[in-house]
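Every number in this text was worked out from the coordinates using simple rules, so none of it is lab data. These numbers come from a predicted model, not from an experiment. Positions of Cβ are backbone-derived with ideal geometry, glycine not excepted, and every protein chain shown enters the neighbour counts.
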Amino acid sequence: MSTPSDQQPPNGGLTHFDQSGQAHMVDVGGKHESHRVAVASGVIRMKPETLAIIESGSAKKGDVLGIARIAAIMAAKRTGDLIPLCHPLALTHVSVEFETNAADSSVLCTARVETYGKTGVEMEALTAVQVGLLTIYDMSKAVDKSMVMTDICVTEKRGGKSDISMARP
């Protein structure tokens with residue numbers, strides 16, 4: 001015998017679909033505003049000589065990590081325009097950091113996004129990371145078309161109904 005608490009929510013818990021399976025934007029009107037924070041990260045792996053060019057600042061297109069940081073911040077601000085059912089949010093803070101790792105010839109991108117609102121900022125943090133890594137690829141592809149972006153994930157989420165914190169893969 002199942003009780004209401006045992007039953008799975010409609011659509012397997014996927015909130016962007018109504019009872020009949022049609023896509024819709026989630027109604028957050030009844031939620032309370034709170035301080036929302038999300039941190040996401042991802043890695044781009046490349047040839048050692050590509051990383052050396054990025055670290056030295058000698059790329060033909062300019063400061064790869066500086067441009068990637070601006071692109072990532074801009075992407076976080078435009079997430080609602082890029083992801084069809086995301087709410088447009090007034091972000092209060094976006095920071096993007098890059099850490100190079102010579103041992104595995106990679107760059108780690110970490111984005112932290114904050115707002116005071118009724119919905120979380122995980123998508124904004126993930127979008128920032130993806131666009132930051134894509135920008136590194138774009139600015140470096142003339143010397144290395146074999147770069148690989150990987151391990152993109154949310155590592156922290158605070159505010160709203162639940163908080164999470166997880167280690168990077």
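Counting only Cα atoms, the range 62-149 measures 43, 22, 21 Å along its principal axes, largest extent leading. The Cα-based radius of gyration of the range 23-169, divided by its Kirkwood radius, gives an Rg/Rh of 1.03. On full extension, the segment bounded by residue 83 and residue 116 gains 9.9 nm, given 0.36 nm per residue less the C-alpha separation.
Each residue, residue 19 and residue 52, gets one label point 7 Å from its Cα in the Cβ direction; the gap between the two is 6.5 nm. With the cut-off at under 15 Å, measuring from each backbone N in the range 131-169 to a point 7 Å along the Cα-to-Cβ line of residue 60 picks out 138-145. Using every pair of separate Cα atoms, the Kirkwood estimate puts the hydrodynamic radius of the range 77-125 at 12.3 angstrom.
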